[in-house]
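Student: The following block contains the structure, expressed as structure tokens.
The values are calculated or read from the model by the stated rules, or taken from the named source; none is laboratory data. No experiment lies behind these values; they were computed from the predicted model shown. When we count neighbours, we look across all protein chains shown, and the Cβ atoms used for this are built from the backbone with ideal geometry, even at glycine. For accessibility, only protein heavy atoms count, side chains too; no ligands or nucleic acids. Shrake-Rupley method; radii C 1.70, N 1.55, O 1.52, S 1.80 Å.
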Amino acid sequence: MTRTLTQFLGSIICAAMLLAASAGTARADNEDPLIVNMTTSEPHRAKMAIGFAKKEQERKHPVTVFLNDKGVLVAAKSKVGEFAEHQSMLAAIIKDGGNVIVCPMCMEHCGVETDDLIDGAHAGKPKLTGKLLFQDDTQTLTW
């Protein structure tokens, strides 16, 4: 009985590993858009969000980083002392064809002016944000 159970569990684990491997391979080759919704100005969490977006962009996914709530502070040039590395990462995403959209209501709440945004970042507007958000097969992830 123990040997049969061990063989059964081994078969299930093997099947799960094969399924996971094939799913990972299929996803690495697609070009589904990704929107990373970043609500944080906490440096580690912000770096994880932006870093994840950049890695997916390198895998050929069109990427948009949507900064809202306190995340808008990360894109403020006046905060470069706190977020130099993050702003450099966002600039690389923009340079490689990605989008950085910043919530205008959150900007107002946090005292960030449009002319204080890093180069290439845009204050969100319904038409722009909606166009990116509602593309077919768009995936989202939040930090």
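Student: Net charge around V80, counting only other residues with Cβ within less than 13 Å of its Cβ (Lys, Arg = +1; Asp, Glu = -1)?
Tutor: -2
Student: Next up: Using a 7 Å offset from the Cα along the Cα-to-Cβ direction at both V80 and H44, what is the distance between the two label points in nm, to one decimal?
Tutor: The answer from the label model is 2.8 nm.
Student: Around N37, which amide H atoms from residues at least 5 apart in sequence, or from another chain, sit under 5 Å from its own amide H, with H modelled in the peptide plane?
Tutor: F66, L141, T142, W143
Student: What does the charge dipole of the range 42-124 about its Cα centre add up to, to the nearest 20 debye, if the Cβ of each Lys and Arg holds +1 and the Cβ of each Asp and Glu holds -1?
Tutor: I would put it at about 400 debye.
Student: On average, how much accessible surface per residue is there in the range 29-136, in Å², for a 1.4 Å probe, leaving out ligands, DNA and RNA?
Tutor: 55 Å²
Student: Under a plain spin-label model, where a point goes 7 Å from the Cα along Cα-to-Cβ, how far apart in nm are T142 and D115?
Tutor: The modelled label-to-label distance comes out at 3.4 nm.
Student: Given a 1.4 angstrom probe, I'd like the percentage of the accessible area of the range 75-143 that is carbon and sulfur, rounded to a whole number.
Tutor: 54 percent
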